[in-house]
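The values are calculated or read from the model by the stated rules, or taken from the named source; none is laboratory data. Here the structure is a predicted model, which means the values were calculated and not measured. Here the Cβ positions follow ideal geometry from the backbone for every residue, glycine too, while neighbour counts run over all protein chains shown.
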Amino acid sequence: MNSAELTEEALARRFQRLGALLDAHAELWRPAPFHVPRPAWCAAHPGYAAHLLALGEAEVASLAGDNDALVDLAGRFLPELLQLRELSALPRLQELPEVPEESASRHMPGRKRAQIGAFAAGVGPVARPVLEWCAGKGHLGRHLARRWGVPVISLEWDGALCADGERLAGGVGQTFVHADALATASAGLLAGRHALALHACGDLHLALLRGAVEQAAPALDLAPCCYYRIATPDYLPLNPDANLRLSRDELHLAVTETVTAGVRERRERDRAQAWKLAFLEWRAARRVARDQTFKPVAAAWMAAGFAAWIERLAAREGFATDAAADWPAWEATGWHRLAEVRRLELARLAFRRPLEIWLALDRALFLARRGYRVRLAEFCARELTPRNILISARRMAAPIMDAPSEPEP
Ligand SMILES: C[S@@+](CC[C@H](N)C(=O)[O-])C[C@H]1O[C@@H](n2cnc3c(N)ncnc32)[C@H](O)[C@@H]1O
């Protein structure tokens, strides 16, 4: 057994311990400071809240991108949370990333190419026909078809991506199936095939897991993403002994890490958030609860400046505005709230990776309980993609039953 492989018992134990710890500290991560200016935990742990609120900009930015440092900081005020470090640590696969051939990869964006190289190295040798689930243009499948000489079926529901993928496939043994991964017939393709999914979203990868088990697929490698893309309002765990309940909104927390955003993108995102917070405060002054949702606002509305933006939004939401409103002051309120949100949110972010690991454990345990040997590891650094968890499952041979013994004469 290698270090990334976990027995069913080890997975179940970790799943239970992590779920219990997350549940016991839910007051720290369920309320979002965006909607709740002072979550109840601020009164229960005033030293922690004061420490976060006093952090400088550079410290906030560095902590927001460092999951281990976030847990260490939380552990200074709530020492039991230090267990999150051990419970959410995964081994990093040591294999050297494979570099997709230049000629095969010139149509892949650089980051995607590196992700595919690392993912393929994590998967290791591929000996069976492959089914690439939610394939996009099938870059991963194309690489594996060349690398291992196995036939690859790439399943994708966007016809334009299938057409591009077919063109790129050239002479390799890769065919595209233009189909919905959620359709029953798609699961039928998993029988006898090595299933691979790089960054398949919520329900799509859940359908893959269920389909692979039903069809007794011999092997499966999955890097999940967008856990919140599910049809139900609450997450339905795959294991009956799951001891944590999560709403679809809370699933968002597991994927809030955006290491790929550029400076301009971040500045724009901050401005949009500050303005929305200003609107929530302005609306709260009219006795509307801050957590009452409103429809998304078109980014283009921002071009006209804050006063025009908030007047337009207020009108859309059915509020009369006052000609004497001090919009610059409301905008300043929004920026002030944003500074607080970004600091108090750090307490929540400490749970982001542990929540994602709990979701991965739910998937891994589901497979282990259905006859698979399972590995759980990081296939690349989070800078390459924060969705870097690889769940690898290999079906164990069915146990050989002893022939019934003849009764003694
Ligand atoms: C995040 S992309 C990942 C693509 C590819 N695996 C990669 O890593 O480059 C998810 C893909 O799932 C496809 N998809 C979304 N819904 C689908 C469905 N119901 N059935 C099949 N594919 C779907 C999308 O069109 C998209 O290409």
* Failed condition for ALA303, given (1) surrounded by 10 or more Cβ atoms within 10 Å (Cβ to Cβ); (2) in a helix (DSSP H, G or I); (3) of a type outside the set (D, E, K, R), with all others met? -> (1)
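Mind checking which residues of segment 111-143 are more than 9 Å from the ligand (Cβ to nearest atom) and under 17 Å from ALA212 (Cβ atoms)? If you could, list the steps in order and put the result at the bottom.
Of all residues in segment 111-143, those more than 9 Å from the ligand (Cβ to nearest atom) come to 111, 113-114, 117-118, 120-131, 142-143.
Residues satisfying the conditions are VAL123, VAL126, ALA127, ARG128, PRO129, VAL130, LEU131.
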* **Residue list for segment 243-258, restricted to those being assigned to a loop (DSSP other than H, G, I, E, B) and closer than 14 Å to GLU356 by Cα** => LEU244, ARG245, LEU246, ALA254, VAL255, THR256, GLU257
* Asked: What do you reckon, is ALA89 assigned to a loop (DSSP other than H, G, I, E, B), away from the ligand (no atom under 16 Å from the Cβ) and modelled with pLDDT of 95 or more?
  -> yes
* Asked: Got a sec? Which of ALA169, ALA179 is in contact with a helix residue (DSSP H, G or I) (Cβ under 9 Å, 6 or more places away or on another chain) and more than 30 Å from GLU356 (Cα to Cα)?
  -> ALA169
* Starting from segment 1-18, keep only residues that are farther than 10 Å from VAL374 by Cα, then list their pairs with residues that are modelled with pLDDT under 95 and not in a loop (DSSP other than H, G, I, E, B) whose Cβ atoms are within a distance under 8 Å, requiring at least 6 positions of separation or different chains. => ARG14/LEU6
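Does ALA26 satisfy the condition of being surrounded by 13 or more Cβ atoms within 10 Å (Cβ to Cβ), over 30 Å from MET396 (Cβ atoms), at pLDDT below 95 and hydrophobic (A, V, I, L, M, F, W, C)? Show your work before the answer.
Numbers: surrounded by 13 or more Cβ atoms within 10 Å (Cβ to Cβ): yes; over 30 Å from MET396 (Cβ atoms): yes; at pLDDT below 95: no; hydrophobic (A, V, I, L, M, F, W, C): yes.
So ALA26 fails the test.
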* To do: Might you check whether a residue that is part of a loop (DSSP other than H, G, I, E, B), away from the ligand (no atom under 15 Å from the Cβ), under 25 Å from the mean Cα position of the chain (by Cα) and not acidic (Asp, Glu) occurs anywhere in segment 209-217?
  => yes
* To do: Output the residues belonging to segment 159-210 that are among the hydroxyl-bearing types (Ser, Thr, Tyr) and without any contact (Cβ under 8 Å) to a residue 12 or more places away in the chain.
  => THR184
* Hey, HIS199 hits all of (1) assigned to a helix (DSSP H, G or I); (2) near the ligand (Cβ under 8 Å from one of its atoms) but one; which does it fall short on? -> (1)
* Asked: Within segment 167-194, how many residues are more than 12 Å from the ligand (Cβ to nearest atom) and under 24 Å from PRO237 (Cβ atoms)?
  -> 2
* Structure fact -> Among LEU70, LEU81, the single one that is in contact with a Gly (Cβ under 6 Å, 6 or more places away or on another chain) and modelled with pLDDT of 95 or more is LEU81
* So which residues in segment 218-242 are touching a residue at least 24 places away in the same chain (Cβ under 8 Å), part of a loop (DSSP other than H, G, I, E, B) and hydrophobic (A, V, I, L, M, F, W, C)? -> CYS225, CYS226, ILE230, ALA231, LEU238, ALA242
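Pick from segment 222-276 the residues that are aliphatic (A, V, I, L, M) and closer than 18 Å to VAL60 by Cα: which of them is surrounded by the fewest Cβ atoms within 10 Å (Cβ to Cβ)?
The first filter runs over segment 222-276 and keeps only residues aliphatic (A, V, I, L, M), leaving 222-223, 230-231, 236, 238, 242, 244, 246, 251, 253-255, 259, 261, 263, 272, 274.
This time we only want the ones that are closer than 18 Å to VAL60 by Cα, so: 253, 259, 261, 263, 274.
Numbers: LEU253: 21, VAL259: 11, ALA261: 11, VAL263: 7, ALA274: 21.
Among those that are aliphatic (A, V, I, L, M) and closer than 18 Å to VAL60 by Cα, it is VAL263.
Filter segment 41-55 down to the residues that are assigned to a loop (DSSP other than H, G, I, E, B) and loosely packed, with under 12 Cβ neighbours inside 10 Å and list them by number.
Filtering segment 41-55 down to residues assigned to a loop (DSSP other than H, G, I, E, B) leaves 45, 54-55.
Passing the criteria: only ALA54.
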* Any chance segment 10-31 includes a residue that's part of a loop (DSSP other than H, G, I, E, B) and under 20 Å from the mean Cα position of the chain (by Cα)? -> yes
